[in-house]
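Written below as structure tokens is the structure these notes are about.
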Number of protein chains: 2
Amino acid sequence: MARTPPHPEVSQFGLQQVLEALVDPVRRSIVTQLDASGEDIKCGDFDIPVSKSTATHHFNVLREAGLIRQYYVGTSRMNTLRRADMDEAFPGLLDALTTSRARATPPPSG
Amino acid sequence: MARTPPHPEVSQFGLQQVLEALVDPVRRSIVTQLDASGEDIKCGDFDIPVSKSTATHHFNVLREAGLIRQYYVGTSRMNTLRRADMDEAFPGLLDALTTSRARATPPPSG
């Protein structure tokens, strides 16, 4: 349990921090993949074109903004989309970013 | 008419560019003020804590992303929120950013 990183409560979510997290296309792709999967995803199982250390940075930014919850299963760090919490704080925001045209934004090239 | 600056069509709107425009708190404040007013607003009449030249930059970024339409009345540059166009391109996005809690984000301090 001591290994579980800290997570903000819904009342602590800030729109500025959430938008700064979501403006990055790799981070938006992580959110979109979690939304599309409907299940938790291991850090190593995302389809993102960045190194492991860069990915870790992106996961931290998403977690600190309140977009994802992270927990360990053995040595795997798992990621949950905090959709209900985000919907409570900023209704409609995640929906707007995960609809068809928004999803169709070309993936980052590198 | 020659003085009317260029504007993208709805089909040219890109989510990345729109989010990069909206991640800035001053630019988000311009959008929120236009949304709250329900009327077009002169560049000089916004309540934003930046110099005129910085404001001009922010208006350009918003116009190029498709968020506002600009036109002249005499020597005044007027701004219209392109809400219908944004709602067509990214349904729910502007709504999510102009609801009560999103609006309650503290204004930028400088």
*Distance in nm between label sites at B:K52 and A:A84, each 7 Å beyond Cα in the beta-carbon direction?*
5.4
_I need to check one value: relative contact order of chain A, counting alpha carbon pairs closer than 8 Å and at least 6 residues apart, in percent._
33
*How big is the charge dipole of the protein assembly as shown about its Cα centre, in debye rounded to the nearest 20, if each Lys and Arg gets +1 on its Cβ and each Asp and Glu gets -1 on its Cβ?*
440
_Taking the full set of protein chains and a 1.4 angstrom probe, give the accessible area of B:E39 in square angstrom, rounded to the nearest 10._
130
*Nearest 100 Å², what total accessible surface is buried between chain A and chain B (probe 1.4 Å)?*
1800
_List, shortest first and in nm to one decimal, how far the label point of A:E39 (7 Å from Cα along Cα→Cβ) is from its counterparts in the other copies._
5.6
*What number comes out for the charge environment of A:Y71, summing +1 per Lys or Arg and -1 per Asp or Glu over other residues with Cβ under 14 Å away?*
+4
*Taking chain A, how much of its Cα-Cα pair set, in percent, is spaced more than 16 angstrom apart?*
57
_Förster radius 41 Å - calculated FRET efficiency between B:V73 and A:Q33 (Cβ-Cβ, nearest 0.05)_ = 0.30
*Using a Gaussian network model of chain A with C-alpha springs under 10 Å, which one of A:A96, A:A21, A:A55 is most mobile by mean-square fluctuation?*
A:A96
*Tally Lys and Arg at +1 and Asp and Glu at -1 over the other residues with C-beta under 9 Å from the C-beta of A:F59: what net charge comes out?*
+3
*Roll a 1.4 angstrom probe over the protein heavy atoms and tell me the percent of accessible area of chain B that is carbon or sulfur.*
52
*Keeping all protein chains in place, calculate the accessible area per residue for region A:1-97 (probe 1.4 angstrom), answer in Å².*
48
*Computed over the Cα atoms of the protein assembly as shown, what is the ratio Rg over Rh, Rh following Kirkwood?*
1.01
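The values are calculated or read from the model by the stated rules, or taken from the named source; none is laboratory data. Here the structure is a predicted model, which is why all the values come from computation and not from measurement. Every residue, glycine among them, receives a Cβ derived from its backbone with ideal geometry; neighbour counts consider all protein chains shown. Ligands, DNA and RNA are excluded from the accessible area calculation, which covers all protein heavy atoms including side chains. Shrake-Rupley method; radii C 1.70, N 1.55, O 1.52, S 1.80 Å.
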